[in-house]
Amino acid sequence: MKFKRRMKVGSAIGSSTMSDIVFLLLVFFMATTIFKDDSGLRIRFPQAHPQVMSELGKENLMVAVWIKQMNPGDSQSEVIARIGDYDLPIDQVAVQLKGLADKFWREQNKHLDVIVLNADTRVPMSAMVGLFADLRFEELYSIQFNAQPLSTGI
Amino acid sequence: MRSNRPRATGEFSDSSMSDIAFLLLIFFLVTTTFDVQKGISYQLPKKPDEQTEEVVIDETNRLVMTIKQWGIGSYVALIDQAPPDGPLQRARAGEDVALDDPVLQEGIMTLAAQRAETVETTSARLLNNLEVAKGVPSGTYSSLNSAIQAENLTPMVRSGLIREIMGADAPVTVDPNFGEVAFGDTLVLADARQGNIASAVRESELVVILKFFPDCDYDGMIAALDVIRRNGVSRTGITLQERLGGGV
């Protein structure tokens, strides 16, 4: 007498959907990730030796200021600054920063640690020294001059 | 008659597809770098008021240079005042030198190294930084030595740029806690749990005053700061060259 063979139970798990899930995640994050736009001015960064430069820690509360002369090379041309999305004349920068520092302190109980200056290489020093004097007057002392690292050796 | 030939199936194995996807994901995770902006840190001097007296820098610790632009990306320095009996005297007679001139750079480094602060001064600052990092009131520890004992800290020295440039010629001071400390080195206190807790750089007491011509560009200021920082000077003043009928 011939017995019927019993059906075997397969032990494989279908993994074909795994790739769908991974690709779905990949596409989701690619579509939703937004890189924070610096919204700065188009400037030429100065260059400095990497070993004299420091990087700011993430815990530091900082405000970036972009500075550029409207017509570089023309001494009569206005020097403008940008903080966030707002353009303003350079002589109002310190007052605005002081206002921001006070706001941080009032609302978040945090000190504004550093003012990061992204200034164009061609901005005249007369404007920069004026800005330093204004910052000092508003008791904002800590500055970082952003620069690009020089690729050459010492 | 039945044939035993295997039948071709219409399936293909797609189990490796997830491997490929993960591999791509991990590759991009590892290789993506975000641009980190670096820069030269600078501390403006405190605003003078009724309480604080104006700080007068001793002539022996003061180097005054005027920076002038000499074409695009080229700058010259005029030594207005150099500490007496040291290098850079010859350049006092209104002679201008390029900022990248090796004699100027060597002169600045020699002046800075001669005025390196004592390791005790750096240690005192380190103790202060430690108290700030620990969040304890100033004066909690009677000395750096007792703080090291009490907190079970490891004192270390991280060699600086000056030691890298001067090599074995760099003058060193032997300290009981840290061993050999050269000018420009960083004193670090570390513990087993948190790693580096506090640090302080052995600085120079030399102050370099940079006077810029008003039409000199910002690039010149960064170039000048770069030169003097590379040669061990951390204390700098920035001002404008005063002119008749104007100036700041």
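A short reminder: the numbers here are calculations on the coordinates, not readings from a lab. None of these values were measured; they are calculated from a predicted model. We place every Cβ from the backbone using ideal geometry, glycine too, and count neighbours over all the protein chains shown.
Structural remarks
- Per-residue Cβ neighbour rank within 10 angstrom, fewest leading, B:Ser74, B:Ser18: B:Ser74, B:Ser18
- Restricting the range B:159-228 to trypsin sites (Lys or Arg not before Pro) in coil, as DSSP defines it, with at most 11 other Cβ within 10 Å: B:Arg193
- Full-stretch length increase - B:Gln194, B:Asn152 - with 0.36 nm per residue and alpha-carbon distance subtracted: 13.9 nm
- By DSSP, the beta bridges lying fully in chain B are antiparallel in about 70 percent of cases.
- Residues B:Thr31 and A:Phe23, FRET efficiency given R0 of 22 Å [Cβ-Cβ distance, rounded to 0.05]: 0.70
- Mean projected area in nm² (Cα convex hull; one quarter of hull surface) for the protein assembly as shown: 36.6
- DSSP beta bridges confined to the protein assembly as shown are antiparallel in about 65 percent of cases.
- Here chain A has an Rg and Dmax of 27.7, 110 Å, counting Cα atoms alone.
- Counting neighbouring Cβ atoms within 10 Å and putting the fewest first, the residues B:Lys68, A:Lys103 line up as A:Lys103, B:Lys68.
- Sorted by Cβ neighbour density within 10 Å, fewest at the top, the residues A:Met53, B:Met221: A:Met53, B:Met221
- Separation of alpha-carbon centers, the range A:49-115 and the range B:150-177, rounded to whole Å: 36
- Loop sites by DSSP among the GluC sites (Glu not before Pro) of chain A, restricted to those with at most 15 other Cβ atoms within 10 angstrom, leave A:79-138 as the longest stretch without any of them.
- Förster-model FRET efficiency, 60 Å R0, B:Trp70 and B:Val174, C-beta, rounded to 0.05: 0.85
- Projecting the Cα positions of A:Ile21, A:Gln92, A:Val65 onto the charge dipole of chain A (unit charges on Cβ atoms of Lys, Arg, Asp and Glu, taken about the Cα centre) puts A:Ile21 furthest along the positive direction.
- Only Lys, Arg (+1) and Asp, Glu (-1) charged, at Cβ; the range A:47-149 dipole about Cα centre in debye: 140
- Per residue, the convex hull volume that the Cα atoms of the range B:119-201 enclose (Å³): 84
- Projecting the Cα atoms of B:Val181, B:Ser143, B:Asn129 onto the charge dipole of the range B:119-201, computed from C-beta unit charges around the Cα centre, puts B:Asn129 farthest toward the positive end.
- Taken over the C-alpha atoms, chain B has Rg and Dmax values of 28.4, 117 angstrom.
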